[in-house]
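Below is one structure, written out as structure tokens, with a few remarks after it.
The values are calculated or read from the model by the stated rules, or taken from the named source; none is laboratory data. In this text the structure is predicted, and so the values were computed from the model without any measurement. Positions of Cβ are generated from backbone atoms using ideal geometry, with glycine treated the same way; all protein chains shown enter the neighbour counts. Side chains are part of the model used for accessible areas, which takes the heavy atoms of the whole protein and leaves out ligands, DNA and RNA. Shrake-Rupley method; radii C 1.70, N 1.55, O 1.52, S 1.80 Å.
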Amino acid sequence: MKLKGGVNGIGYNTISNNILFKDFEQNILSEIASNFVEEIWPAHTCSNCENLKHKFHIIISGRLKVFQTDKETGREFTLFLLTKNDFFDVISLVDGCNHKIYYESLEEVKMLSTATFTMRKWLKTYPKLNERLLSYIGKQLLRVEDYAVNHTFFEIPARLARLILENLNHKSQKLEYINDLSNEEIANLIGSTRAVVNRHFQDFKKEGILKISRKKMEVINLPLLLKKATNE
């Protein structure tokens with residue numbers, strides 16, 4: 001994990017374009033940006049909430065997995081994949097409580113970080129930050145709600161189809177964010193196992209729903225994928 005002091009133009013642009021700070025006056029943005037430093041996590045860097053609870057991060061590039069793990073079985077469940085302009089850890093920021101989650105960079109991840117107490121000070125100084133933070137939390141809660149519904153009412157093929165649809169670029173028919181993930185990582189996103197996910201991917205391929213090559217996937221029959229997503 002590497003740290004770089006100060007923030008360059010990329011950092012300022014990241015702050016000014018982030019949902020939290022967008023439309024702030026330039027002098028305020030400059031002051032806020034000066035309080036961030038750049039961090040670089042090499043691929044497969046892991047950390048936990050306890051180590052990070054004193055800092056607030058905004059992602060510049062790369063994907064960060066937020067997950068829980070069962071110590072007895074080793075099974076993982078991925079709560080979120082965080083990407084450009086996402087931020088964390090929101091729960092520690094809001095009330096300072098400890099929660100047992102882990103973070104892992106899936107490739108090199110660049111991010112900006114500042115002290116949690118500094119971010120809390122800004123929340124008091126700029127009320128609209130609270131509204132924007134609440135909106136972000138609401139979207140994250142909806143994602144957890146969707147998972148609970150999918151896990152309760154849908155079989156694994158439907159869960160897999162719905163995950164593909166959520167990450168599908170409808171213009172190119174290609175997947176984004178999860179296109180190069182291993183079957184094990186995909187399984188962690190839908191509450192399954194690598195072997196089961198691999199079997200259903202092969203079924204989707206045989207049925208003409210997907211075109212699968214090395215670490216790339218393309219939807220070639222969207223109507224049939226939509227049908228799969230409804231348990232039919």
### Query
For segment 87-219, what is the convex hull volume of the alpha-carbon atoms per residue, in Å³?
149
### Query
Tell me, what is the percent relative contact order of the chain, built from C-alpha pairs under 8 Å that lie six or more residues apart?
18
### Task
Quick one: angle between helix 116-125 and the longest Cα principal axis of the chain, in degrees between 0 and 90, rounded to 10, please.
70
### Query
Which ³J(HN,Hα) values, rounded to whole Hz and listed in residue order, are derived for segment 19-36 from phi using the Karplus coefficients 6.51, -1.76 and 1.60 in 6.51 cos²θ - 1.76 cosθ + 1.60 with θ = phi - 60°, glycine and proline given as x?
4, 5, 10, 4, 6, 5, 5, 4, 5, 5, 4, 4, 5, 5, 4, 5, 8, 9
### Descending principal axes extents, segment 83-162, alpha-carbon based, whole Å
47, 30, 24
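What ranking, highest mean first, results for peptides 135-146, 176-187 when packing means the other Cβ atoms within 10 Å averaged over each residue? Walk me through the numbers before you get to the answer.
Details: 135-146: 11.6, 176-187: 16.6.
Final packing ranking: 176-187, 135-146.
Dividing the alpha-carbon Rg of the chain by 2.2 N^0.38 Å yields what?
With N residues counted in the chain, Rg over 2.2 N^0.38 Å equals 1.11.
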### Task
Round to the nearest 10 and give me the degree value, 0 to 90, for the angle of helix 156-166's Cα axis relative to the longest principal axis of the chain.
50
### Query
Based on the mean of other beta carbon atoms within 10 Å per residue, what is the order of 29-36, 72-79, most packed first?
29-36, 72-79
### Portion, in percent, of the accessible area of segment 9-143 that falls on carbon or sulfur, probe 1.4 Å
53
### Task
Over the alpha-carbon set of segment 9-143, work out the extent along each principal axis and list the three values in angstrom, largest first.
51, 28, 25
### q = 0.16, 0.31, 0.32, 0.33 Å⁻¹: log10 I(q)/I(0) that the Debye formula gives for segment 44-89, counting C-alpha atoms only
-0.49, -1.27, -1.28, -1.30
### Task
Assign unit charges at the C-beta atoms only (+1 for Lys and Arg, -1 for Asp and Glu), then state the dipole size of the chain relative to its Cα centre in Debye, rounded to the nearest 20.
340
### Query
Does segment 154-229 come out rounded, prolate or oblate by the C-alpha gyration tensor, with a ≥ b ≥ c the root eigenvalues, rounded set by a/c under 1.5 and, if not, prolate when a/b is larger than b/c and oblate if not?
rounded
### Query
What spacing in nm lies between the two simple spin-label points modelled at Ile28 and Phe77, each 7 Å away from Cα in the Cβ direction?
3.9
### Message
Tell me the per residue accessible area of the chain using a 1.4 Å probe; a whole number in Å² is fine.
### Response
55
### Task
Return the subset of Lys100/Lys128; Lys65/Lys206; Lys65/Lys228; Lys128/Lys216 for which the Cα-Cα distance in this structure is over 32 Å, preserving the input order.
Lys128/Lys216
### Query
Using a 1.4 Å probe on the protein chains only, how many percent of the accessible area of segment 154-229 belongs to carbon and sulfur?
48
### Query
Using the Karplus equation 6.51 cos²θ - 1.76 cosθ + 1.60 (θ = phi - 60°), what ³J(HN,Hα) coupling, rounded to whole Hz, does each residue of segment 58-64 give in order, writing x for Gly and Pro?
10, 7, 8, 7, x, 10, 10
## Note on the structure
1/(1 + (r/R0)^6) with r = Cβ-Cβ of Ser135 and Lys206, R0 = 45 Å, i.e. FRET efficiency to nearest 0.05, evaluates to 0.60
### Query
At a Förster distance of 22 Å, what's the computed FRET efficiency of Lys128 paired with Asn35, Cβ-Cβ distance as r, to 0.05?
0.75
